[in-house]
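Visitor: Got a structure here, written out as structure tokens. Questions coming.
The values are calculated or read from the model by the stated rules, or taken from the named source; none is laboratory data. Given the structure is predicted, the values throughout are model-derived calculations rather than measurements. Heads up, the Cβs are rebuilt from the backbone with ideal geometry, glycines too, and the neighbour counts pull from every protein chain shown. Side chains included, ligands, DNA and RNA excluded: accessible areas come from the protein's heavy atoms. Shrake-Rupley method; radii C 1.70, N 1.55, O 1.52, S 1.80 Å.
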Amino acid sequence: MPQRRSTIDAIRGLCLINIFVNHIQDGAISVVSPSRLGFSDSADIFVLLSGISIALAASQASRRRLPDIVAHLWRRAARIYAFELAIVFATLGLLAAILALRGVTGVHAQETGLLREHGFPNLLGHALTLRQTVGYSSVLRLYVALMLIAPILLRLAGWRFWAPLPPALLLWIAAGHFHLVLSNSLTGAPFFLTILPWTLIFAVGITIGQGLVNGVALPRPRWLTGLALAYLVAYLVLAVVVVRLWPAAADWAATRNDAFWLGASKTYQSPLRVLHVLALAYLVMALPRAPLIRLLHQVPRDHMLTRLGRRSLPVFTAGAIGAMLASEALDLAALSWNAAWLPLLLLEAGMIALFIGIALHIGGRPGRTQPSRPAQPEGQASRRDPQVPTPDRPALGLRESAALA
């Protein structure tokens, strides 16, 4: 198996903490979340990283046959579904208990209303058959679907590393333009994360991962680097300055999640979101020596973030359940403390710290750092085992980059 890249785990660890913070409804700390700095967020990054990781794993000699790849990925889908069940059961059990104890309207989660209207068995049945979102299980439902279609995309990538992109692009355009998104069976609201629009980001990840395996060099012209950086900065200017000075921009920002082509919809994975996550990925791979990006390339295997990222599925599941608990705890505390901001802020910070502690326990204790293998001369890296950048040997291109793989 190719040496596991620490950078991808570190990025996942960052995303897991960010996801937990943003899932705490009415939390104050989410105001400073990195998700507010761009069109895309941690979900986009996770799906992209998943595609890269799967392409690298599929390059192993023991998994090159299609039946082996299918069996491995479908077992992964079953495992993800099992963790989704844990989120569903824990969420509904928690909310049913809160409803029985408090018996008041306006309890935080919308599932509380669904429990009153449809009953526990009916809501549970819709959730288990993936027809209704419960809690924060929508991401795992998307991953189940992605694992099922991944063998097709990997087969295409094995033929030509770029081959997954054309069909994924056509699906993405059709889903976004014609609003081909399924709706929740009980609420009627569109699924927040659904398969057709999000296939494109996953296919891009597989393309990048297969490019790493094939030794494809990353183009790094200055104009492309400048364009990617300008696009990321443009959002900050739009969000901080333009929206406050131009009423039309403020109206667009308020409804940006409703449109595909000219909006920034997360449901339909609009072009602005896709371009944003691609710009982020490109800069991380193309500028390995940049001040902040260098830290990602140099992160050790036993770092807190890499430990979280290595166990991303159980850590995410714990965070999804913990965020629901934290949201309801803050809601109850706000009633008891008359919405006093300082105690609520301290409570929220304490719950975030508790989550990180639990997540580190799930991630396991730090082990001994494995010694890095000596770098091979340029052009002699094994195609089966692409070179992994180490702190003293930063990546220089797509073939050598470990930033997102």
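Visitor: Quickly run through the stretch 1-17 and pick out the residues that are open to solvent by 20 Å² or more (accessible area, probe 1.4 Å), closer than 16 Å to Gly319 by Cα and either among the hydrophobic types (A, V, I, L, M, F, W, C) or out of contact with any Phe, Trp or Tyr (no Cβ under 8 Å at 6 or more places or on another chain) (or both).
Guide: Leu14, Ile17
Visitor: Which of the residues belonging to the stretch 164-186 are in contact with a Ser or Thr (Cβ under 8 Å, 6 or more places away or on another chain) and not in a helix (DSSP H, G or I)?
Guide: Within the stretch 164-186, Pro164, Val181, Leu182, Asn184 qualify.
Visitor: Sticking with this one: Taking Leu232 and the conditions (1) farther than 22 Å from Phe192 by Cβ; (2) in contact with a Phe, Trp or Tyr (Cβ under 8 Å, 6 or more places away or on another chain), which numbered condition does it fall short on, given that it satisfies the others?
Guide: (2)
Visitor: Would you check if Asp251 is charged (D, E, K, R), at pLDDT below 90 and open to solvent by 30 Å² or more (accessible area, probe 1.4 Å)?
Guide: Taking the combined requirement at face value, the residue does not satisfy it.
Visitor: Could we say that Ala264 is of a type in the set (A, V, I, L, M), closer than 24 Å to Leu16 by Cα and touching a Lys or Arg at 6+ places or on another chain (Cβ under 6 Å) here?
Guide: yes
Visitor: List every residue pair whose Cβ atoms sit under 7 Å apart, with the two residues 6 or more apart in sequence or on different chains, where the first one lies in the stretch 298-313 and is farther than 11 Å from Ile17 by Cβ and the second, anywhere, is open to solvent by less than 60 Å² (accessible area, probe 1.4 Å) and polar (S, T, N, Q).
Guide: Listed pairs, sorted by first residue: Val299/Ser6; Val299/Thr7; Val299/Thr306; Pro300/Ser6; Arg301/Ser6; Thr306/Ser6.
Visitor: Can you find a residue in the stretch 163-185 that is of a type outside the set (A, V, I, L, M, F, W, C), touching a helix residue (DSSP H, G or I) at 6+ places or on another chain (Cβ under 7 Å) and closer than 13 Å to Gly51 by Cα?
Guide: Within the stretch 163-185, one or more residues are of a type outside the set (A, V, I, L, M, F, W, C), touching a helix residue (DSSP H, G or I) at 6+ places or on another chain (Cβ under 7 Å) and closer than 13 Å to Gly51 by Cα.
Visitor: Given the options Ile80, Ile29, Ile87, name the one that is out of contact with any Ser or Thr (no Cβ under 8 Å at 6 or more places or on another chain) and open to solvent by less than 40 Å² (accessible area, probe 1.4 Å).
Guide: Sole residue among the options that is out of contact with any Ser or Thr (no Cβ under 8 Å at 6 or more places or on another chain) and open to solvent by less than 40 Å² (accessible area, probe 1.4 Å): Ile80.
Visitor: How many residues are at pLDDT 90 or above, closer than 30 Å to Trp341 by Cβ and out of contact with any helix residue (DSSP H, G or I) (no Cβ under 6 Å at 6 or more places or on another chain) when one looks only at the stretch 20-67?
Guide: Adding up the residues that qualify gives 1.
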